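A quick write-up on the structure given underneath.
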Amino acid sequence: MRPVIIVHGGAKTISEDKESANYSGCRAAAEAGWEILRQGGSAIEAVEAAVRVLESDQTFNAGFGSTMNSEGEVEVDAAMMEGETLAWGAVGAIQGVRNPISVARRIMEDKPRFLVARSGERFAREHGLDICPKADLVSEEQYQEWEQEAEVLDRSNTVGCVALDTNGNLVAGTSTGGVTGQPQGRVGDTALVGCGLYADNRFGACSTTGDGESVIPVVLAKTAIDALADGKHPEEAAKHAIATLQDRVEGEAGCILIDREGRIGWAYNSQEMAIAYMTEDMTEPATFIRKDQPLAIA
């Protein structure tokens, strides 16, 4: 099987001064994951590596770049799912963890479950994952946005990755800091299987982004995978999923897909969505913040 990776930096509005950062951040994430796949590594390792890059880049709403809640805290959610056994792991509303995607992966490999708040933080500590003082995840820009109650355009929604490895295993991962000023303890779609992500080697894998309260009721990731199961190309399946959301609820969202054949697709109804993908036929990742060129449907 030929490996493939695609990442997203969130469905959002990207101001002109943040375009370069979104390009370079997604590109770096795709390269990090691709290097693992290129050497024959697993899709699990590739997704974790790619999402960790996004979590470490304050351009994006995940990890260090996360928005702050109503109490001035950073609470993060993350999940991972793999398509061979349908194993999954998730955390919600945890604090003081540099890379929540790594916690989600460790939970997935330990025992599929969803751990929130102190339970997730305790799991991270007990398994030697990267813990830090809560204040270390708050940048000056984040604090100013929160203190001034500024409208945040560039740091909203989820980041994610989908990868297919040489063994044919599909994996999806998502990570988010939620919504600026959200109530303490609020958990959106990111960590929910079927909503923020889904992976099934029979059909494909999906990572979503958007308004959690809109993504959840239409079970966006599973809606996209079901479209693959009906024989749609990933491009068509992604468009179908976003059209379903628009038909049923209000809100912005986006999704990325890889099917079991390694074909990719993505769609969104926000103004922009930062994307990067890489395949064996490419010498460097293709990177977008707007979908100016539709993919050929083969």
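Quick check on the exposure proxy: order 207, 66, 270, 119 from fewest to most C-beta atoms within 10 angstrom.
Result, fewest neighbours first: 119, 270, 66, 207.
Fewest first, what order do 1, 273 take by the number of other Cβ atoms within 10 Å?
Working: 1 13, 273 29.
With the fewest neighbours first, 1, 273 line up as 1, 273.
Would you please report the Å³ per residue occupied by the convex hull of the alpha carbon atoms in segment 34-193?
In segment 34-193, the Cα convex hull volume per residue is 98 Å³.
Identify which of 78, 238, 135 has the largest mean-square fluctuation in a Gaussian network model of the chain, with springs joining Cα atoms closer than 10 Å.
Highest fluctuation of the listed residues: 135.
Can you compute the FRET efficiency between residue 243 and residue 13 using 1/(1 + (r/R0)^6), with r the Cβ-Cβ distance and R0 = 22 Å? Round to the nearest 0.05. Walk me through the intermediate numbers first.
Values: r = 21 Å, r/R0 = 0.94.
After rounding, the FRET efficiency stands at 0.60.
Just tell me which lysines come within less than 24 Å, Cα to Cα, of residue 232; anything on the same chain fewer than 8 places away is out.
Of all the lysines, those that pass the test against residue 232 - Cα under 24 Å, at least 8 places apart if same chain - are 222, 291.
Tell me which residues come under 5 Å, amide H to amide H, from residue 14 once H is placed; ignore anything under 5 positions away on its chain.
Distant-sequence amide H within range of residue 14: 272.
Mind sorting 98, 105, 38 by how few other Cβ atoms lie within 10 Å of their own Cβ, fewest first?
Result, fewest neighbours first: 38, 98, 105.
Residue 132 to residue 282: extension gain in nm, 0.36 nm per residue of separation minus the Cα-Cα distance? Intermediate results must be reported in sequence, preceding the final value.
Details: separation 150, 0.36 × 150 = 54.00 nm, distance 3.76 nm.
Stretched out fully, the residue 132 to residue 282 stretch lengthens by 50.2 nm.
Can you tell which of 77, 281, 165 shows the greatest fluctuation in a Gaussian network model of the chain with Cα springs below 10 Å?
281
Calculated from DSSP H runs of 4 or more alone, at -39500 (n - 2.57) each and per residue, what is the 222 nm mean residue ellipticity of the chain, nearest 500? Can you show the working numbers first?
Details: 8 runs with 91 residues, N = 298.
That calculation yields -9500 deg cm²/dmol at 222 nm.
Scaled to the compact-protein estimate 2.2 N^0.38 Å, what is the alpha-carbon radius of gyration of segment 175-232, rounded to two decimal places?
Working: Rg = 12.4 Å, N = 58, 2.2 N^0.38 = 10.3 Å.
My calculation over the Cα atoms of segment 175-232 gives 1.21.
Calculate, for residue 86 and residue 110, the FRET efficiency according to 1/(1 + (r/R0)^6) with r their C-beta to C-beta distance and R0 25 Å; round to the nearest 0.05.
The pair residue 86/residue 110 has a calculated efficiency of 0.95.
Would you pull out the residues with amide H under 5 Å of residue 116's amide H, same chain only if 5 or more places away, H placed 1.01 Å from N?
92
Can you say what percent of the DSSP beta bridges in segment 1-128, counting only those with both residues inside, are antiparallel? Round to 5.
60 percent
Quick one: 3J(HN,Hα) in Hz for segment 51-67, Karplus 6.51/-1.76/1.60 with θ = phi - 60°, rounded, Gly and Pro as x.
5, 4, 4, 5, 5, 8, 10, 5, 5, 10, 8, 6, x, 4, x, 5, 6
Could you work out the Kirkwood radius for the chain, taking every pair of different alpha carbons, averaging 1/r and inverting it, reported in Å? The partial results should precede the final answer.
Details: mean 1/r = 0.0552 Å⁻¹.
With all distinct Cα pairs of the chain included, I get 18.1 Å.
Taking θ = phi - 60°, what integer Hz values does the Karplus form 6.51 cos²θ - 1.76 cosθ + 1.60 yield along segment 197-207, in sequence order, with x for Gly and Pro?
Couplings: 6, 6, 8, 8, 4, 5, 10, x, 9, 9, 10 Hz.
Using the Karplus curve 6.51 cos²θ - 1.76 cosθ + 1.60 with θ = phi - 60°, what ³J(HN,Hα) values do you get for each residue of segment 79-84, in whole Hz, with x for Gly and Pro?
Karplus-based 3J(HN,Hα) across segment 79-84 equals 8, 9, 9, 10, x, 6 Hz.
No value in this document is a laboratory result; all are computed from the given coordinates. Just so you know, these numbers come straight off a predicted model, no measurement behind them. Reconstructed Cβ throughout: ideal geometry from the backbone, glycine too, with neighbour counts over all protein chains shown.
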